[in-house]
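**Student:** To start, I am sharing the structure in question, which I have written as structure tokens.
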Amino acid sequence: MSEVKITAETRSEFGKGAARRIRRDNKVPGVLYGHGTDPLHLTLPGHDLLLALRTPNVLLSLDIDGKSNELAIPKAVQRDPLKGFLEHVDLLLVKRGEKVTVEVPVQAEGELAAGGNLLEHVLNTVSIEAEATHLPEAVTVSVEGLEAGSSVLAKDLTLPNGVVLVTDADAVVLQVLAAQAEEPAAEGEAAEAAEGAEA
């Protein structure tokens, strides 16, 4: 997994007014915490951060005020519900070699067995533990040829070396549903409805 370098500045202004001013400058307020240190309030470049966050569990190399370099992963990202721009980000301080627990997306590949069956994602993500500098972007599972009624459990997922499953091993991640044809209403029900309308 590659590191994305981000230049960050410490900030001393807090509150909604300060956050609005920061966002007007196309920057994002954030907090870096972890390892028992005091939370560090940061201002991050909006565009660079938005691009970096397109990669799930991206590893950020933060250049803070040109003085210190820290590694961090995004822990919580707040976006504007209408416009989608970043409002705030919480970052977790990590060290090389340290293990962290994160959610990773599950991606299905392959074609289901013929018959118009539907694939349901019961879990969109699974929880895994891995070294902070080697977090997978996603877990891919093959659904090639699966029939209706088949399911994929968390323990069936193939994880990269060094990655440990945290989600319950017997949790259903994907299941294949039979295609449902629309059934015409039973004749008896239609007759009863007609009688009720006439009365």
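The values are calculated or read from the model by the stated rules, or taken from the named source; none is laboratory data. What you see is a predicted model; the values in this text were computed from it and never measured. When we count neighbours, we look across all protein chains shown, and the Cβ atoms used for this are built from the backbone with ideal geometry, even at glycine. Ligands, DNA and RNA are excluded from the accessible area calculation, which covers all protein heavy atoms including side chains. Shrake-Rupley method; radii C 1.70, N 1.55, O 1.52, S 1.80 Å.
**Student:** Considering only region 21-64, state which residues are over 21 Å from the mean Cα position of the chain (by Cα) and of a type in the set (Ser, Thr, Tyr).
**Tutor:** Across region 21-64, the qualifying residues are THR37, THR43.
**Student:** Any residue at all in region 69-92 that is within 17 Å of the chain's Cα centre (by Cα), within 14 Å of VAL4 (Cα to Cα) and part of a loop (DSSP other than H, G, I, E, B)?
**Tutor:** no
**Student:** Let me ask you something else. Could you check region 26-45 and list, in sequence order, the residues that are modelled with pLDDT of 80 or more and open to solvent by 90 Å² or more (accessible area, probe 1.4 Å)?
**Tutor:** ASN26, ASP38
**Student:** Now a separate question. Got a number for residues in region 1-13 being in contact with a strand residue (DSSP E or B) (Cβ under 7 Å, 6 or more places away or on another chain) and either over 15 Å from LEU59 (Cα atoms) or assigned to a strand (DSSP E or B) (or both)?
**Tutor:** As a first pass, look at region 1-13 and keep what is in contact with a strand residue (DSSP E or B) (Cβ under 7 Å, 6 or more places away or on another chain): 1, 3-11.
Then drop every residue that is not either over 15 Å from LEU59 (Cα atoms) or assigned to a strand (DSSP E or B) (or both), which leaves 3-11.
Total satisfying the criteria: 9.
**Student:** Residues being touching a residue at least 40 places away in the same chain (Cβ under 8 Å) and surrounded by 15 or more Cβ atoms within 10 Å (Cβ to Cβ): count how many of those fall in region 89-102.
**Tutor:** Count: 7.
**Student:** Could you look through region 46-66, keep only residues that are of a type in the set (Asp, Glu) and not in a loop (DSSP other than H, G, I, E, B), and pick out the one that is surrounded by the fewest Cβ atoms within 10 Å (Cβ to Cβ)?
**Tutor:** It comes out as ASP63.
**Student:** Which residue is least open to solvent (accessible area, probe 1.4 Å), if the candidates are limited to region 69-88 and must be closer than 20 Å to LYS27 by Cβ and in contact with a Ser or Thr (Cβ under 9 Å, 6 or more places away or on another chain)?
**Tutor:** Of everything passing the filter in region 69-88, ALA72 is least open to solvent (accessible area, probe 1.4 Å).
**Student:** Before we move on, is ALA169 assigned to a loop (DSSP other than H, G, I, E, B), small (Gly, Ala, Ser) and in contact (Cβ under 8 Å) with a residue 24 or more places away in the chain?
**Tutor:** Criteria not met by ALA169.
**Student:** Tell me whether region 106-128 contains one or more residues that are open to solvent by less than 40 Å² (accessible area, probe 1.4 Å), in a loop (DSSP other than H, G, I, E, B) and under 23 Å from THR43 (Cβ atoms).
**Tutor:** No, because not a single residue in region 106-128 is open to solvent by less than 40 Å² (accessible area, probe 1.4 Å), in a loop (DSSP other than H, G, I, E, B) and under 23 Å from THR43 (Cβ atoms).
**Student:** Go through region 59-91 and count every residue that is farther than 21 Å from ARG23 by Cβ and in contact with a helix residue (DSSP H, G or I) (Cβ under 9 Å, 6 or more places away or on another chain).
**Tutor:** So the count comes out to 3.
**Student:** In addition: So, VAL77, is that one closer than 11 Å to LEU92 by Cα and modelled with pLDDT of 85 or more or not?
**Tutor:** For VAL77, the condition - closer than 11 Å to LEU92 by Cα and modelled with pLDDT of 85 or more - is not met.
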